[in-house]
Structure formats: C-alpha cells, structure tokens
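Worksheet: one structure, shown below.
The values are calculated or read from the model by the stated rules, or taken from the named source; none is laboratory data. Model, not experiment: these values are computed from the prediction. Because the Cβ atoms are built from the backbone with ideal geometry, glycine has one as well, and the counts that use them run over all protein chains shown. Accessible surface areas use protein heavy atoms only, side chains included; no ligands, DNA or RNA. Shrake-Rupley method; radii C 1.70, N 1.55, O 1.52, S 1.80 Å.
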Amino acid sequence: MDGVEVVGRVDGRTARAERTRAAIVEAHLALISEGDLRPTGERIAERAGISLRTLWTNFKDMETLFEASGAEVLRQQDAAYRPISPGLPLAKRVDAYCRQRARLLQLITPSARAAQMREPVSDQLHRNRLKHIDRVRDEVEELFAVELTEAGQGREQLLNALVAASMWPAWSMLRYGLGLGVDQARAVMTRTVGALLAEVAAD
C-alpha cells in the first residue's frame, strides 16, 4: 500500500503543478487580451492568484512562459480550425480559406501584437512565429496543391506570396494600418489570394 500512496502523492503533485502552469498561462494570455501587451511577472502572478516565487518555480524565465503560452495559442487555433476540402472549386476554396484565416487571425491578434513588441529580443517568440508560418504553409500546400503544381517553376514564389498574404503582419496592415473592419479586411485578403491563384488558372 505504501507504494500506492507514494504514487498517489506524486500523481497529485503532478496534477497540481499542471493546474498551476495552466493558470499562469491563462493569466498571461488574459492580461494580453485585455491590452496589457507586456505584462510583468508580478502582474501575471497576481492575476493567477499565486506568488511570484511560484511563478518562477514553474517557469524559469519569460522565454519558457512564452513557449507555453505560444503552445496554448496554437491549441486554441487547432480547436477553432475547420478543414476545407481541396476538392471544392477554386473560388469556394479561396472564400472558405480566407474566411477561416480572418477568424483565426482575429483570435490570435492580442498575442500577435504582444509578440511583435518583444520578438526582436526573444528567440522563443521568433520560434513561435515560425510555427504559425509552417502551419499556414502546410495548409496552403494542401488546399491549393493543384494550382501550385500548375505554377511550375513559379511554385515556390506563388506559395510564398500566398503565405505572406495570409499571415498576421498583412492582417495587421489591413486592420490597423488601413483601419479596415474585419469584413473589409477579409474581402481584401480574398481578392489578393484569389488574384494570385487566378494568374495560374488563366495560363
């Protein structure tokens, strides 16, 4: 029975540690979503209802917290993502793709804006961004495989153009640089992506 009790205590501690880490990440992302784009350890700990010591016991520095928060943002995106059939006509694929990109980009906007401020001095935030780029690249390659193949030697350039048009920096320009609403910004993205792919379809 002693062995069972020890395992139970270990499992209990592990579960508590996971709950604490989840609470810290939740507090971090909540503060960012409320406009505190550079929350300090003190504010995060206070929001999570823990001591600052507990925060740094669970995360050795801000970089490890950025990693965990970035993973949570990706998890939220995965939960909100809905597959689009590559068998749909091109116009329907473009429309469905851009509608979904607009929705997901709105979802990550607070964390993306916060990351933009700190990424120049954070290797982890840079790695987080590369993960987002890779996911979008994979989706574009699958959804528009026919058109990319038809592009021949221009495949890589077309792929890069589609990915660039689909990422948060482009969305930020539409929303905050040009001051467009979500529907207007999505319409511009749809026109851009559609025009890029129409060039191939017209050849």
Within the bounds of segment 65-77, is there any residue that is farther than 30 Å from THR190 by Cα and outside any helix (DSSP H, G or I)?
-> no
Do we have any residue at all in segment 91-111 that's exposed (fewer than 14 other Cβ atoms within 10 Å of the Cβ) and more than 21 Å from ASP183 (Cβ to Cβ)?
-> no
Checked ILE32, ILE44, ILE84 against criteria (closer than 29 Å to MET189 by Cα, buried (at least 20 other Cβ atoms within 10 Å of the Cβ) and under 22 Å from the mean Cα position of the chain (by Cα)); the one match is ILE32
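Of all residues being among the basic types (Lys, Arg) and farther than 17 Å from MET62 by Cβ in segment 114-151, which is least open to solvent (accessible area, probe 1.4 Å)? Just the residue, please.
Taking the candidates together, the pick is ARG137.
Each row is one residue, and each column tells you yes or no for (1) under 26 Å from LEU74 (Cβ atoms); (2) among the hydroxyl-bearing types (Ser, Thr, Tyr); (3) not in a helix (DSSP H, G or I).
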residue: GLU156; (1), (2), (3): yes, no, no
residue: SER172; (1), (2), (3): yes, yes, no
residue: TYR176; (1), (2), (3): yes, yes, no
residue: GLY179; (1), (2), (3): no, no, yes
residue: GLN184; (1), (2), (3): no, no, no
residue: ALA187; (1), (2), (3): no, no, no
residue: ARG191; (1), (2), (3): no, no, no
residue: GLY194; (1), (2), (3): no, no, no
MET173, sole failed condition from (1) of a type outside the set (Phe, Trp, Tyr); (2) at pLDDT 95 or above; (3) over 24 Å from GLY70 (Cα atoms); (4) surrounded by fewer than 15 Cβ atoms within 10 Å (Cβ to Cβ) = (3)
Among the residues of segment 137-152, is there at least one that is outside the structural domain of ASP36 (by the TED database) and under 12 Å from the mean Cα position of the chain (by Cα)?
-> no
Note on segment 78-102: residues without any contact (Cβ under 8 Å) to a residue 40 or more places away in the chain, of a type outside the set (Lys, Arg) and in a helix (DSSP H, G or I) are ASP78, ALA79, ALA80, ALA96, GLN100
Does segment 47-71 hold any residues that are in contact with a Gly (Cβ under 8 Å, 6 or more places away or on another chain) and surrounded by fewer than 18 Cβ atoms within 10 Å (Cβ to Cβ), and which are they?
-> LEU52, TRP56
